[in-house]
Amino acid sequence: MSDRWQKTSASPTVPHVQHGGPRDGLTAADLFRSPDETVALDEKLRRTYFWLVNKAVISPFYDVEFDAAKANRFPLGDAGAEITLPTQPAYSSNVLLPLLTFAVGGKCLMIGGPGRGKTTLAVLMGVLSGSTPDDVRRHLQQGQPQLTVSDLVGLPLPRDLVAAGSLAEITIAWKSWLTERVKIVDEYNRIPTKTQSALLTMVAEGYVESHDQLRRTAPSEGVESWFFTANDDAGGGTFQVIQALKDRLDVTVQAFGFNGRFFDELVTRVEAGERPEEHVPSSLVFSPDEQTAMLTAIRAVPLPADVRRKLEYFTGQFEFVQHGGRRFEYRTKDVVATAGGDVSAVIDANSGADLVVDLGAQTLNGLSVRALQTLILYAKASAWFRGAASVGLDDVRAMVPFVLRGKLLPNPQHPRFEAGDKELAHDPASWLIDLFDTAMKQYVALGLDAADPVGDLLAELGGGLDGLDRLTVSQRLTRIESEVGRISKVGKIYGRDYDDLVALKYLHQRYSNYLHWLEGA
Amino acid sequence: MIRRPGHSVNASVRLGAASLPAVAGLDLDLAAANVARWGGDQNLYAAFLAAGLAAQSADAHRGDVLSLSTGNSVNDPALVQDIAAVAAWRAGVIGLRTDALRAVSELSDAGLADAVGATLGMPGSDVAGFVERQRTDRFFWPAWHNLGRAYLLARIGGFAGLGGPWLAHPGDVIAAGEGRWLVEVGDELWQVDADLFGHSVSPAGAEPESSGDPVETAGVRVVSVPTSYLLEVVREAG
């Protein structure tokens, strides 16, 4: 009987990218090579995705869309629901995000109720890295309230504990999962706090420590990726997850339930007693070298200047809060939060700005550099996965809800979560997409595509100070002061202005210091 | 009538039932599948390959086949592989153009001009002139030489709903090198590469490939037609 699991998608999996095949570079020998021998890594990753989504986990939820403007929309019911039918390929987030995590060597948290395929998907990632299903299951760390640090990292040999004269003489029997390329921690919110701290050291620093012994946990070759599962993302579970560990997780993705229209496949599996991880086609397994090459290719995908500028605009909205401090630089949510203040109340005290227009008022915090780096990397991975030559705004938009979930925290007192939009309060993914879309509409409405005076001034400085004469420097200082004056006259200050003003002050300092040096020379 | 993309050089080709011989060490069915994958026509490929291999066999029986560097047997897989590459190029796989021209020269030098001619669909006596002219004019075809009027070389592109690449009407066309053009389609830029037998159409990307300064393909224009999503590649009169 043929193995029904071995069928993978025919190449090419991306439509309309190339009509007529490669334009050059084929040879007579290529004519007699199987497509499987010459498949590019991005194509291999796409075929893996389609195998996972169509064969392994049965996830017909295509929620990651890339052509929001062109999609057909159908209103449903009387509560504002609608279904969109995209014209471009859409993807299932609970498969795509773990797979991109596998590709970039990231850390993915899968959340959802029991029996939604979270652990199965994580185990599949382990098999894709070349481990056997038995090894992956053996190395899977099952979170439970009695899990100790020794259970997690390994035990000191009893013989040494008795005979050793110092800690250095104790040999630790390290657990073999520590150096696996794919590491899986199931139900991580059931792990005791002390053990979570040991886990944090591994995730953040790449080593573990026990009895004064240290072991690196990065694999000797290939790329390391982590998969965590939890049935709660709101502080529940047996133990509260320590914030530092949560912050280290790159993406959070919701696992979906089973769609009853696909029951026939379920019946077949029950009758055959089959598990998908035992039938992963060998052509979809990634060698360590392939993983390394994949990560290199993803990092090399360019982020065009116009996309970067829009990303700057979006991420610049959230740090500033008008009454956060006295000095302008200290008027941030972080200043309020670290002083034990109530960020919601401080936002609410700002009567000068329009809360509806001020996107920053919707969040309790700003974005960390780590979160921004993760967003850039996953947007690159999205573009590479889709076969694009560079990162598009659609790629950034698609990754925002998964990268920023749990990192950009909603302000529950904001009017956005009242009245007709109450569902956004417990649907962070939709709220984050809404936030991004609103920011992009503002960007267009403000005409920032056409003019970016602060960007122009930064670019001028990027050209270097060497050789600039006093007159030129004075002219640039005047332009900087004029730009500060223009913002000052508006009367209302938003997050976008905060970043611009801080940058303008930086420019002013650089030029005035240079001018002092010129005058003193 | 719905017009489809295609190349005029195939307009007079009459396809019969072509059966491919078994060649030890070569999977000709796999090659046919690759031809289709790379935008070529499988039926044309089978017909021209069968004609080429039949002519090769006749050459061999006459005993005038010279040794190739890779072997001298008419069943030599390397030799059949080269004939297959020429047939695939003839069937529309533009990506094989450079290697196919190399194969045409080597096979002709080895005394297989008739086999190469049959593979290309021309008399063996025309092959030497054809390969020479192709190096400077990628749309050269002996039967059209000195025709004295403008003529259609190919139709390229088409509406996505009919299997083409585009959702919008192709607009301005800019020459971007020998046999290469950039086309504005809606708010996207696409790259078209073409020669006598085949073409490739792909998104131009952030930085379109260009072979130095924009060079126009001598005597050939690509025209956007108001009533069609197809581009027309035309040889100008003169």
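Rule-based calculations on the coordinates, nothing more; no lab input. Just so you know, these numbers come straight off a predicted model, no measurement behind them. Here the Cβ positions follow ideal geometry from the backbone for every residue, glycine too, while neighbour counts run over all protein chains shown.
Rounded to the nearest 500, the helix-only mean residue ellipticity at 222 nm of chain A stands at -13000 deg cm²/dmol, with each DSSP H run of n ≥ 4 adding -39,500 (n - 2.57). Here the extension length gained between residue A:76 and residue A:449 equals 130.7 nm, from 0.36 nm per residue of separation less the Cα-Cα distance.
Exposure proxy for A:239, A:228: other Cβ atoms within 10 Å of each Cβ, ordered fewest to most, give A:239, A:228. Within the same chain, aspartates and glutamates fewer than 8 places from residue A:422 are excluded, and of the rest, those with a Cα less than 17 Å from its Cα are A:78, A:82, A:434.
With a Förster radius of 25 Å applied to the beta-carbon distance between residue A:144 and residue A:270, the computed FRET efficiency rounds to 0.35. Residues A:148, A:374, ranked from the fewest to the most other C-beta atoms within 10 Å, line up as A:148, A:374.
Rounded to the nearest 0.05, the FRET efficiency derived from the C-beta distance between residue A:465 and residue B:151 at R0 = 60 Å is 0.45. For the residue pairs A:194/A:246; A:44/A:107; A:310/A:407; A:70/A:333, alpha carbon separations beyond 26 Å are given by A:70/A:333. Expressed to the nearest 5 percent, the antiparallel share of DSSP beta bridges inside chain A is 50 percent. Counting 0.36 nm for each residue step from residue A:519 to residue A:421 and taking away their Cα separation leaves a gain of 29.4 nm. Binning all Cα-Cα separations of the stretch A:28-125 at 10 Å, short to long from zero, yields these whole-percent fractions: 13, 34, 30, 17, 5, 1, 0. A simple spin-label model places the labels of residue B:17 and residue A:306 5.7 nm from each other, with each point 7 Å out along Cα-to-Cβ. If you wrap the tightest convex hull around every Cα atom of the stretch A:373-521 and split its volume per residue, you get 169 Å³. Every pair of different Cα atoms in the stretch B:82-238 enters the Kirkwood calculation, which places the hydrodynamic radius at 16.6 Å. Volume per residue of the convex hull around the Cα atoms, evaluated for the protein assembly as shown, comes out as 271 Å³. Dividing the mean sequence gap of close Cα pairs (under 8 Å, 6+ apart) by how many residues chain A holds gives a relative contact order of 15 percent.
Think of it as helices only: each DSSP H run of n ≥ 4 in chain B is worth -39500 (n - 2.57), and spread over all residues that comes to -9500 deg cm²/dmol at 222 nm. Label zone of residue A:490 (point 7 Å out along Cα→Cβ, amide N under 20 Å): in the stretch A:334-348 this covers A:347-348.
By other beta-carbon atoms within 10 Å, ranking A:283, B:224, B:12 with the fewest at the front produces B:12, A:283, B:224.
Based on the Stokes-Einstein relation at 20 °C and a viscosity of 1.002 mPa s, and on the Kirkwood radius from alpha carbon pairs, the stretch A:332-376 is assigned a translational diffusion coefficient of 183 µm²/s. Taking 7 Å steps out from each Cα toward its Cβ at residue A:151 and residue A:369 produces label points 3.7 nm apart. What distance in nm lies between label points placed 7 Å from Cα along the C-beta direction at residue A:27 and residue A:351? Each label point is offset 7 Å from its Cα along the Cβ direction, giving 7.8 nm.
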